[in-house]
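For reference, the structure discussed in these notes is given below.
The values are calculated or read from the model by the stated rules, or taken from the named source; none is laboratory data. Here the structure is a predicted model, which is why all the values come from computation and not from measurement. Note that each Cβ is placed from the backbone with ideal geometry, even for glycine, and that neighbours are counted across all protein chains shown.
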């Protein structure tokens, strides 16, 4: 009888430990990749500028090292987290670094024309040009600058580094 009780205790202890570990894993999100929080040097990668000003934030600049195959790859490679829409996936960027919040935009379909992430390109130190391609189909060249600005389609509020 004593052996049976100790086996039950060991099993219950094991189950409790497994449950605690499962809850801990479910609550903790994986850490985002470390952002390269500065413009790329020369042609070492693609510089990415994200303008959060319309959402109450500032402008963040990161570097996607190497030669990312797409604008989306550059955005993610520079350390930004991205959420697409439920309908279009990452072919239509709805959130960058969690902005706008889920309370402001559900990301089911495309956001309104007055409140979306517009996509821009520039040569290093040059002027912004609105992208005629989506971020999943555009291939930025190393040394170039990608820009993202939230609002009604205005370019990032800062010059391309």
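In the stretch 90-105, the residues that are outside the structural domain of residue 60 (by TED's automatic domain parsing) and surrounded by fewer than 19 Cβ atoms within 10 Å (Cβ to Cβ) never reach a residue that is at pLDDT 95 or above and assigned to a loop (DSSP other than H, G, I, E, B) with C-beta atoms less than 6 angstrom apart, at least six apart or across chains.
Right, residue 67: part of a loop (DSSP other than H, G, I, E, B), touching a residue at least 12 places away in the same chain (Cβ under 8 Å) and out of contact with any strand residue (DSSP E or B) (no Cβ under 9 Å at 6 or more places or on another chain) or not? In short, no.
Within the stretch 131-151, the set of residues being under 18 Å from residue 73 (Cα atoms) and in a strand (DSSP E or B) comprises 144, 145, 146, 147, 148, 149.
When residue 139 is tested against (1) at positive phi; (2) out of contact with any strand residue (DSSP E or B) (no Cβ under 8 Å at 6 or more places or on another chain); (3) surrounded by 12 or more Cβ atoms within 10 Å (Cβ to Cβ), just one condition goes unmet, and that condition is (1).
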